[in-house]
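The values are calculated or read from the model by the stated rules, or taken from the named source; none is laboratory data. Since the structure is predicted, the reported quantities are computational estimates derived from the model, not experimental observations. Note that we place each Cβ from the backbone using ideal geometry, even for glycine, and neighbour counts take in every protein chain shown. Note: areas computed on protein heavy atoms with side chains; ligands, DNA, RNA excluded. Shrake-Rupley method; radii C 1.70, N 1.55, O 1.52, S 1.80 Å.
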Amino acid sequence: MQFKRVFQVFRNLTLLSVLAWLWAPAGFPAPTPSLPHLEKRGEVTQLLVDGQPYLMLAGELHNSSSSSVRYMEPVWPRLAAAHLNTVLAPVAWETIEPEENRFDFSNLDGLLAGARNSHLHLVILWFGAWKNTFSTYVPAWVKTDTARFARVQTHDGRNTERLSPFSSVVREADARAFAQLMRHLREVDAAAHTVLMVQVENEVGVIPESRDHSAAAEAAFSAPVPTALLGFMRQHRFGLDPQFRSAWEDGGAKSAGSWQDLFGHTPLTDDLFMAWQYATFVEQVAAAGKAQYALPMYANAALIRPNYQPGQYNSGGPLPHSMDIWRAGAPSLDFLSPDLYFNEFAQWAASYARPGNPLFIPEAQGGVPGAANALYAYGHLAAIGFSAFGIDDQDNTPLDLAGITNPAEHPDGAALGDAYAIVSKLAPLILEQQRTGGVEGALLEGPAQRSARIVLGEYTATLTPATSSAAAGRISALFIRTAPAEFLVVGSGDGQVSFSTDSTGPSIVAIQSIDEEFFDNGTWRAGRRLNGDESSQGQALRIQSKDLAQGRIYKVRLYRYR
Ligand code: DGJ
């Protein structure tokens, strides 16, 4: 019965969104006054767009794609056809302020029009003072004036191609430009809500040394740790990141002193010092933007490769061990995000899905691994969005444009779009069921991992590889509870799912039925009943790598007996 009710809500929601889509004159439904915002709903934090929870099925453009409206013209419809609903698009400082105090938003307006025409939302990436630690996207009048706009310096006094976060001149110029950008967005997009969120800067941090040695940086390094940070640390001591807390407590949990007094004479101290500086810089930029137009904002991190030290990785970026510093220093940011290309997806993603920090993954692998990871992120970690990098060449069709596309790099590029196609149909149900813990995800990251268990209500689902092959790839399954003993399951890869229970009552769990469900042209269509060889005579749900491309969703009913 309950399944019926949930399914009806789902059908109605889907029907409503389809109708709204058809009736919308210029792409989106009639505007509502509320801005896109994050809201705690039941057990999770969700992104609300025009009053409705929204799941971002996203991709990030290559760095240079959005610099040309013309280049983007054929790309937008392709991304929409690949079932994305959101595109992450850079907007560079040099593009909007080519001369000091002369702003030009024609490129941005062209991007908005292109996205709207293809019914796509945008997340704007502000390539301001930094992009991947460097300052390559700043206007020429900033880049060439090294006297006015100070650079990060090495220990022997050499300038680098990175603006210094210790320069108030840089900070104010960046904040002014960003405020103009947000003001313009308010003027042209406050009704349509094409833009959902904004990323402030891109992968900040300092390389190749662990900290800035400019004169201002040296002075700050030997000055006392700011009281604002110390107050935050004392107040949140028992909830601090364990590595950060140890760095402080190993030195006696001092309540005053220099950075090295508090955290020791280690490269990690340099990283924490830089984290505070980047965070407070980004805070001023984000706050100036929010004062104009208060969209959700976040900062993204380049993660740490095994055994890399601060300076080999972006020292000062919003990494797990410095998230507390970022939260204290940049309260205008709504969350911090990982750019997650590593195979250890589950571990890194979990380190960002913390209380008060909803998970959004702006950059990740696409293709087959992306599909598996996305299902897991939406299912297990209640991600508000997942986004694969370089999305403008994620499918099999070569982009006949600037020659930057190499389809050979993405032979399985369609897999993420296939996953998005299914998830977009299930999104209303996922978002509804997330509120009461009715959505889960399991992930196997390679042959070394033999099983993954998740608990949904009174049932435990165990995902294992379908074969014992050492070549078994990434396998995942997304579970949506539709009734106490009924689930919709979407799978990626070749695996199987068995069910058990740890709760009181009859201890044996068996499969009552497995049905295929498809969603074609706006309506549900039942497929085969799979109670024979296809489910090992009802012993396990079998998921197959072809399921995503074929749009297959499984409806599994369980029962218990003694
Ligand atoms: C991470 C950066 O944030 C992106 O802008 C891009 O440079 C990718 N790396 C390339 O892999």
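What is the percent carbon and sulfur in the accessible area of region 192-263, measuring with a 1.4 Å probe over the protein chains and ignoring ligands? Of all accessible area on region 192-263, carbon and sulfur atoms account for 54 percent. Rounded to the nearest 0.05, the FRET efficiency derived from the C-beta distance between residue 109 and residue 253 at R0 = 51 Å is 0.45. To the nearest ten degrees, helix 168-189 and the longest principal axis of the Cα atoms of the chain are 40 degrees apart. Relative to the current alpha-carbon distance between residue 531 and residue 80, full extension at 0.36 nm per residue lengthens the span by 158.7 nm.
Would you mind telling me the antiparallel percentage of the DSSP bridges in the chain, rounded to 5? Given both bridge residues lie in the chain, the antiparallel proportion sits at roughly 65 percent.
With each label modelled as a point 7 angstrom along the Cα→C-beta vector, the residue 504-residue 458 pair spans 1.1 nm.
Expressed in units of 2.2 N^0.38 Å, where N is the residue count, the Cα radius of gyration of region 421-553 is 1.03.
Listed by chain and number, the aspartates and glutamates placed with their C-alpha closer than 12 angstrom to that of residue 546 are 412, 418, 494; residues fewer than eight positions away on the same chain are left out.
Extension gain, residue 265-residue 69: 0.36 nm per intervening residue step, less the Cα-Cα distance, totals 65.6 nm. For the chain, the fraction of C-alpha pairs farther apart than 38 angstrom is 32 percent. FRET efficiency for the pair residue 235 and residue 43, taken as 1/(1 + (r/R0)^6) with r the Cβ-Cβ distance and R0 = 30 Å, rounds to 0.75. Restricting region 256-352 to chymotrypsin sites (Phe, Trp or Tyr not before Pro) that sit in a DSSP loop and have at most 12 other Cβ atoms within 10 Å of their own Cβ leaves 308. Of the accessible area of region 499-562, computed with a 1.4 Å probe over protein heavy atoms only, carbon and sulfur atoms account for 43 percent. When peptides 112-119, 183-190 are ranked by their average number of other Cβ atoms within 10 Å per residue, the highest-first order is 112-119, 183-190. The residues of the chain expose on average 39 square angstrom of accessible surface per residue, using a 1.4 Å probe on protein heavy atoms.
Rounded to the nearest percent, how much of the accessible area of region 270-334 (1.4 Å probe, protein heavy atoms only) is carbon and sulfur? Its accessible area is 43 percent carbon and sulfur atoms.
Between region 315-391 and region 520-548, the alpha-carbon centres lie 31 Å apart.
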